[in-house]
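For reference, the structure is listed below as structure tokens.
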Amino acid sequence: MYSNLFAQPPYLLLLFGLLISVTCGVAFQKVLKQTVQQWYKAADEGSETNVDALSVFIPFLGICGGIFAFLAAGLEIVINSWKLSGAIALPLTIVTGRLVWSQLKVLLVKLQEGGSQALDLDNIF
């Protein structure tokens, strides 16, 4: 009965990983827009806001989890070993997620301090 669900190669896990990433990405976009709007309102009132909001970080973790599942399933299709594909996909996901999160924090701090004019895309690095 469950032979198609846990089939080899894991095409269903590949699809679920992609679906999780896209779904959490949409939630991340909406939460980020709402957080930035709250920053603009708080800037008018003069109160301090936090860049490291948990409401922004949790959807980002969901994106990273979906990417891990997608990478691990894709590598298992090629390598045919779940342990090895997971051992490759986990550090890739952690390092990439950490780099993206740190760059996003820098951009959010610039946005918070100087508004949208501070994000000059020609001189971002």
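By other beta-carbon atoms within 10 Å, ranking E76, E113 with the fewest at the front produces E113, E76. Which of the lysines could a cross-linker span from K30 if the Cα-Cα distance has to be under 30 Å and same-chain partners fewer than 8 positions apart are dropped? The reachable lysines, counting only those whose Cα sits under 30 Å from K30, are K41, K105, K110.
Here, each number is a calculation from the coordinates, and none is a lab measurement. The structure presented is a predicted model; accordingly, all values stated were derived computationally and were not measured. No Cβ is skipped: glycine too gets one built from the backbone with ideal geometry, and neighbour counts run over all protein chains shown.
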